[in-house]
Amino acid sequence: DARTNGSCSDNYVLVRTWTGFDSCGNSNTCTQNIKVLDTTRPVISCPPNITISCDIGTEPGATGKATATDKCTDIIEDISYIDVLTPGNCEGNFTLSRKWTAKDSCGNSKQCSQNITVFDTSKPIIICPPDLTRICGSNTDPINTGIAIAKDYCLDSLVNLVYVDSTIVGTCNGIYAIQRTWKATDNCGNSS
């Protein structure tokens, strides 16, 4: 056999030379051309469908990775994915349809799909400004007394921050306390 490589590792031509001998040592040869083509797609296995909280993250390290094998060779050139997002009832709730593709060294490919459902059930983190004492008649607006800080696990920019004041009367009109309750609500209605 004499092998001539083709466009990829599993495409090649074998030129097989056959020789026949008779009992007197006379011989004759003929050649046979055997063309081998890899047209077999890889076998791909997707990770199972999964439902996760939005703070987990949707990267394959958290949601699973596809695996692939090839019948002609164990060389898988590439396993990649493309996501298609379907929005839910709020920005933190959505479904990703992840299409995985495995490609072998000869360009044959096979796909499988994984669904990742994401729910935002995490309450925002809220930090109140420190307690303080003011002189009677001072401006007690939050810009002067401190504003709470809120962070959401999923969507930092979509936290609504509000406050409600209740006054606790002291021993005279000039002495009182304001109890300021801060509330942070994310885009999916979770609040702290």
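The values are calculated or read from the model by the stated rules, or taken from the named source; none is laboratory data. Note that the coordinates shown come from a computational prediction; the quantities given were computed from them, not determined experimentally. Positions of Cβ are backbone-derived with ideal geometry, glycine not excepted, and every protein chain shown enters the neighbour counts. Side chains are part of the model used for accessible areas, which takes the heavy atoms of the whole protein and leaves out ligands, DNA and RNA. Shrake-Rupley method; radii C 1.70, N 1.55, O 1.52, S 1.80 Å.
From the list Lys65, Lys71, Lys99, pick out the single residue that is open to solvent by 40 Å² or more (accessible area, probe 1.4 Å), modelled with pLDDT of 95 or more and not in a strand (DSSP E or B).
Only one candidate passes the filter, namely Lys65.
Look through region 125-165, keep the residues that are charged (D, E, K, R) and touching a helix residue (DSSP H, G or I) at 6+ places or on another chain (Cβ under 9 Å), and return whichever of them is nearest to Cys54 (Cα to Cα).
Looking only at region 125-165, we keep the residues that are charged (D, E, K, R), and these are 131, 134, 141, 151-152, 156, 165.
Now narrow it down to the ones that are touching a helix residue (DSSP H, G or I) at 6+ places or on another chain (Cβ under 9 Å): 134, 152.
Values: Arg134: 41, Asp152: 10 Å.
Only one residue fits best here, namely Asp152.
Mind checking which residues of region 123-145 are in contact with a strand residue (DSSP E or B) (Cβ under 9 Å, 6 or more places away or on another chain) and closer than 26 Å to Asn187 by Cβ?
Within region 123-145, Lys123, Pro124, Ile125, Ile126, Ile127, Cys128, Pro129, Pro142 qualify.
Of the residues Ile178, Ile168, Ile149, which is among the β-branched types (Val, Ile, Thr), farther than 19 Å from Cys90 by Cα, more than 36 Å from the chain's Cα centre (by Cα) and open to solvent by 70 Å² or more (accessible area, probe 1.4 Å)?
Answer to the check: Ile168.
Return yes when Val118 is under 30 Å from Pro60 (Cβ atoms), part of a strand (DSSP E or B) and touching a Ser or Thr at 6+ places or on another chain (Cβ under 9 Å) and no when it is not.
In short, yes.
On the basis of being farther than 17 Å from Ile52 by Cβ, in a strand (DSSP E or B) and touching a Lys or Arg at 6+ places or on another chain (Cβ under 7 Å), does Ile82 make the cut?
Answer is yes for this residue.
Where residues in region 130-146 are β-branched (Val, Ile, Thr) and touching a residue at least 12 places away in the same chain (Cβ under 8 Å), which of them is surrounded by the fewest Cβ atoms within 10 Å (Cβ to Cβ)?
It comes out as Thr140.
Starting from residues that are part of a loop (DSSP other than H, G, I, E, B) and open to solvent by less than 70 Å² (accessible area, probe 1.4 Å), keep the ones in region 28-48 and report whichever is nearest to Thr4 (Cα to Cα).
Asp38
What is the one condition in (1) touching a strand residue (DSSP E or B) at 6+ places or on another chain (Cβ under 7 Å); (2) open to solvent by 80 Å² or more (accessible area, probe 1.4 Å); (3) assigned to a loop (DSSP other than H, G, I, E, B) that Glu91 does not satisfy?
For Glu91, the failing item is (1).
Please go through region 84-138 and give me each residue that is touching a Cys at 6+ places or on another chain (Cβ under 7 Å) and of a type in the set (S, T, N, Q), ordered by number.
Listed by number, the residues that qualify are Asn93, Ser105, Ser113, Gln114, Ser122.
Identify the residue in region 115-154 that is touching a Gly at 6+ places or on another chain (Cβ under 6 Å) and closer than 30 Å to Asp83 by Cα and, among all such residues, is modelled with the lowest pLDDT.
Residues of region 115-154 touching a Gly at 6+ places or on another chain (Cβ under 6 Å): 120, 129, 136, 154.
Still in the running and closer than 30 Å to Asp83 by Cα: 120, 154.
Values: Asp120: 90, Cys154: 80.
Going through the qualifying residues, I end up with Cys154.
Of these, Asn160, Asn187, which one is open to solvent by 50 Å² or more (accessible area, probe 1.4 Å), under 37 Å from the mean Cα position of the chain (by Cα) and in contact (Cβ under 8 Å) with a residue 40 or more places away in the chain?
Unique residue meeting the criteria: Asn187.
Got at least one residue in region 40-50 being within 12 Å of the chain's Cα centre (by Cα) and within 30 Å of Tyr153 (Cα to Cα)?
yes
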